[in-house]
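The values are calculated or read from the model by the stated rules, or taken from the named source; none is laboratory data. Just so we're clear, the structure is a prediction, and the values are computed from it rather than from any experiment. Virtual Cβ from ideal backbone geometry, glycine too; neighbours counted across all protein chains shown. What goes into the accessible areas is simple: the full protein's heavy atoms, side chains included, and nothing from ligands, DNA or RNA. Shrake-Rupley method; radii C 1.70, N 1.55, O 1.52, S 1.80 Å.
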Amino acid sequence: MSAPLLEIRDLHLWMRSFEGEAHVLQGVDLQVGHGEVWGVVGETGCGKSLTGLSVSRLVPSPPARYGRGQILFNGQDLLQMSEAQMRQLRGGRIGMIFQDPTTNLNPLFRISEQLVDVALAAAAWRPELLGVPAGASAREKRRAARALSLEMLERVRIPDAAQRLDDFPHQFSGGMRQRVLIAMALIGRPQLLIADEPTTALDVSVQAQVLALLRDMVRDFRMTVLLITHNLGVVAQACSHVAVMYAGSIVERGPVQEVMRRPTHPYTRALLAAIPRREMARGALEGIPGTVPDLIHPPPGCRFAPRCARAQEGCRAQVPALEPVPSALAAGAGHEVACFHAHPVEAAC
Amino acid sequence: MSAEMSTPSARRPRSAGREAWRRGLYRFAQSRLSVLGLAIVSLLMLMALVGPWLAPYPEHLEGAVSTAARFQPPSAQHWFGTNEMGQDVFSLVMGGARVSVLAGLAVVLLGALAGTLVGGIAGFAGGWTDDLLMRLSDLKLTIPGLVLAMAVAAALGPGIFNMVVAISLSWWPGYARLVRGEVLARKEDLYVTAARAIGARPARLLLVHILPNVMTPVIVKMSLDMGFAILTVASLGFIGIGVKPPTPEWGSLLSVARSYMPDFWWTAIFPGLAIFLAVFGFNLLGDGLRDVFDPRSRR
Amino acid sequence: MWSYLVRRLLLLVPVLLGLTVLVFAIARLLPGDPVALAAGPNASPAEIAAYGREFGLDRPLWEQYGRYLWGLLQGDLGVSIYTRRPVIEDLRAYLPATLELVLAAMTLAVLVGVPMGLWAAVQRDRWPDYLSRVLALGAISMPRFFLGLLLQLGLAMALGWLPLGGRFPITEELPLRITGLLTVDALLAGNLNAFWVACQHLLMPALAMSLSPLATIMRMMRGSTLEVLQQDYVLTERALGLPQRLIITKYVARNAFSATLTVIGLYFGWLLGGTVLVETVFDWPGLGLYATKAVVTQDFMPIIGVTLVIGTLFVLVNLLVDLLYGLLNPKVRPA
């Protein structure tokens, strides 16, 4: 098996706030192989967005402080890289999409301008991207970048792309703006795409379209994806693998079918159980008792222990590490869980 | 996209108002500049109040001259030297403090009063009264302040009172607009209460209930405006409007001293510095106050 | 776009009318005998009476206003007692000088203030930012006329680098008058020597005038830059690999600048009013000096004329700024 494209090892991150330092990422472990689409799920505050931002080193570092841990991309530790080296990677090797299409495009500039600039920035390190020889003039490069932008717009299925290339962001609808942002993220032909809640801000009907588009683009460009979301439905539709996060660390991970059919961590099971189903009786919604822990003063040992029905003494003594699920429970390889009491019961899902 | 953190706080509850005050005061004291501003302003106020008594040569403030001692450079007897009439520049500057501060204060008070009244009525009454009053204040904004003040002062004639009125005429629209906005915001809450307090007449509602609550932003604006009011007073004095000799006024002192440059530089430098320091002090103070009362300010 | 323009121009009319009413009100309704004011401080009672009858100052108020407005439209702004010329001619002579001064000052203020504000924001909370804040407050507090005086003392009297005052030495030949702005006219005529001389005279007054708006523009620019830097689209731009310098100088700069534009427009108006002080110090033959002399000699018609002109210019500049804002901000532009 070839080396993973992205490997996060024991990542620790502290954030300084008014009331103290919060241990927001506690030993995140993740291996993302080439071509895999990983969904990172968890409720608000679990640290999934920070994980995504950390890969691109976009977390502002005075209030944030990285402790031990590594983020290996193509074997190189991103945490050790200089800003100049990171800039080379952004856009060209690692692309990002964020949640709100309304605020993520600069309102005063035409989208052609924004697309062209991203393409040119990526082409600064990989001139073959534009298809023009390295010694080409700035004007030729611009023209090539513009042609590339048009091509991308057509690929993300913007109707009348040629006419709309020079439009301003406010002239597009929400769903179309997100497509434009996808085009921008992919124009540099990155190897890894990090999508942070890409469909959350969209209407339900548009969500499906955008997800389908993402799936197609991922396939066409043979990309690897980190899809951050709180919506298990999205994960089920679009991902090949899933990692469940709670309070700053990954508690369960593996192939998506596997984890969703046979969840072993109590939190994963509770999450799945909490999804409303059509055949449920009224009032039968199951929440998870308790609240997320205070990350400035986190509970000792397993962070989920205070809310866990199966918590015992040992749970509070030590933080459980990710271990492969016992083969008696798992149907396939790659399913891992961080729990001292992986439960041998099938979930109803 | 912001850092997601959950930080439930578990502190002793404190009254919100008191807490805001303490934090504000703390913030104010932290800023060395604001404290400096407070110091300068206090000094100014002191000079304004007791200047004429503390001045080393009070007779010069009355117009006495001492031609034998003309144009003496700064020395132990005359810290700021003497001017073309032998008057002690230091005493004159101290005396000028009184004029500038009091005139500036008068301008700001008058402008705030007039503006608050107009804005209050406009916001409260609404409808075409509001429209009319706002058009009126907009109109005033078509002429830059100094020019308007000049024109009005020229029409009214010389004298400090006319000058104050002339300048206030260009200040009140700012307050009118501010107060109107605040009144509009509060009108809704109080209508319900008013409906219940049957028989309370609108004028009373406005004066007794709404306006006092609107005072904070007005006071902040007043403190911010003081500096510029003093500057305007000095500017008009420089042109020759307003104060008539022998009353010392920084601007007019500077204007007279111009002809004696550069040989007798002290006759101009010290009054000029005084203007600068006064305005600077008030601006620092106003800036600091604004930080305290309106944390949204740029920082 | 055109309909918007036409609409704004039409809106000008009531505003300008309002301005004339305001000025008229000042002239007529304030205490003080308007006839005596218009006739001048040295007129005898008989002259005053004759003046009054001739100019219809004994007619009802609205009729006076009508006559006044009619006169305005014909370009009759009264006569200056001091210069003994029609005010309108004086205005035509002195306006370009003031315009030149204000334009030079604004150009300086924008060219220096905008980049400094941008830089202060990028350097937030480090010592350059702190220093710029103090300097800005100091700059706003500095009286223009004092600053002018200091500049004169330093650069002209002590060092002799620049001329003391005035606009152009009498000994030299003025370039052909096209715009009335000496620097521009000199350039247009290809007369580099005249251009250089005009610039030398222009520099100190422009500096004195520009300090205050420079500081304000810098602070505003800093503030809006900080706000822009918090925006999501800036994060996206960074995430997609755009170099920081490009983000700041191209994208953030434009976003922040459009917010500062309104301030620039406002300041233009203030400057128009503030030329009075600087022109006095430097003997700059502009509207300000004209008005000041009029005030001192109690020559009333010129004051009214100057007020009217400056007010009109102010309104026009604000319109221009609004249009420019629409140009920069496509959302405001009617597609």
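The angle separating the long axis of helix A:204-221 from the principal Cα axis of greatest extent in chain A is about 70 degrees. Tell me which of C:147, C:64, C:170 sits at the most positive position along the dipole axis of chain C, charges placed on C-beta atoms (Lys, Arg +1; Asp, Glu -1). Toward the positive end, the furthest listed residue is C:147. Projected over all directions and averaged, the alpha-carbon convex hull of region A:94-189 occupies 5.8 nm². About its Cα centre, the dipole of chain A is roughly 420 debye, where the only charges are +1 on Lys and Arg Cβ and -1 on Asp and Glu Cβ.
Ordered by solvent-accessible area of protein heavy atoms (1.4 Å probe), largest first, the residues C:271, C:323 come out as C:323, C:271. The dipole here belongs to chain C: it is taken about the Cα centre, uses +1 on the Cβ of Lys and Arg and -1 on the Cβ of Asp and Glu, and is about 1020 debye. A 1.4 Å probe, protein heavy atoms only, puts the accessible area of residue C:178 near 110 Å². The percentage of C-alpha pairs in region C:134-210 whose separation is greater than 15 Å is 60%. Per residue of peptide C:240-252, the mean number of Cβ atoms on other chains within 10 Å of the residue Cβ is 6. The mean number of partner chain beta-carbon atoms within 10 angstrom of a residue's beta-carbon across peptide C:143-154 is 6. Each Cα pair under 8 Å and six or more residues apart adds its sequence gap; the mean of these over the residue count of chain A is a relative contact order of 20 percent. Axis of helix A:138-155 versus longest Cα principal axis of chain A: the two differ by about 50°, to the nearest ten degrees.
Which longest uninterrupted range of chain C lacks any trypsin sites (Lys or Arg not before Pro) assigned by DSSP to a loop state (not H, G, I, E or B) and surrounded by at most 13 other Cβ atoms within 10 Å?
Between exposed loop sites, the widest span is C:178-330.
Stokes-Einstein D for chain C at 4 °C, 1.567 mPa s, Kirkwood Rh over Cα pairs, in µm²/s? The Stokes-Einstein estimate is 57 µm²/s. Heavy-atom accessible surface of residue B:266, to the nearest 10 Å², is about 20 Å², with a 1.4 Å probe and all protein chains retained. Computed log10 I(q)/I(0) for chain A at 0.07, 0.10 Å⁻¹: -0.32, -0.65, from the Debye equation with unit scatterers placed on every C-alpha and solvent omitted. The angle between the Cα long axis of helix C:300-328 and the main principal axis of chain C comes to about 30°, on a 0 to 90 degree scale.
Apolar share of the accessible surface for chain C: 67 percent from carbon plus sulfur atoms, 1.4 Å probe.
If you roll a 1.4 Å probe over the heavy atoms of the protein chains, what accessible area per residue do you get for chain A, in Å²?
43
Can you compute the helix-only [θ] at 222 nm over the protein assembly as shown? Use -39500 (n - 2.57) per DSSP H run of at least 4 residues, normalise by all residues, nearest 500 deg cm²/dmol.
Details: 34 runs with 553 residues, N = 983.
Per the formula, -18500 deg cm²/dmol.
Charged side chains reduced to their Cβ positions (Lys and Arg at +1, Asp and Glu at -1) give the protein assembly as shown a dipole of some 1640 debye around its Cα centre.
Between A:18, A:98, A:109, find the one with the highest GNM mean-square fluctuation for chain A; connect C-alpha pairs within less than 10 Å. Highest fluctuation of the listed residues: A:18.
Nearest 100 Å², what total accessible surface is buried between chain A and chain C (probe 1.4 Å)? The buried area between A and C, both sides summed, comes to about 2300 Å². Within the full protein context, the accessible area of residue B:75 is estimated at about 40 Å² for a probe radius of 1.4 Å.
Under the simplified labelling scheme, the residue C:69-residue B:273 pair shows an inter-label distance of 5.5 nm, with each label point 7 Å from Cα along Cα→Cβ. Stokes-Einstein diffusion for the protein assembly as shown, with the hydrodynamic radius set to the Kirkwood value over Cα pairs and evaluated at 20 °C in a medium of 1.002 mPa s, equals 64 µm²/s. A 1.4 Å probe over all protein chains sorts C:183, A:102, B:129 by accessible area into A:102, B:129, C:183, starting with the largest. Ranked by solvent-accessible area (1.4 Å probe, protein heavy atoms only, all chains present), the residues A:125, C:127, A:14 order from largest to smallest as C:127, A:125, A:14.
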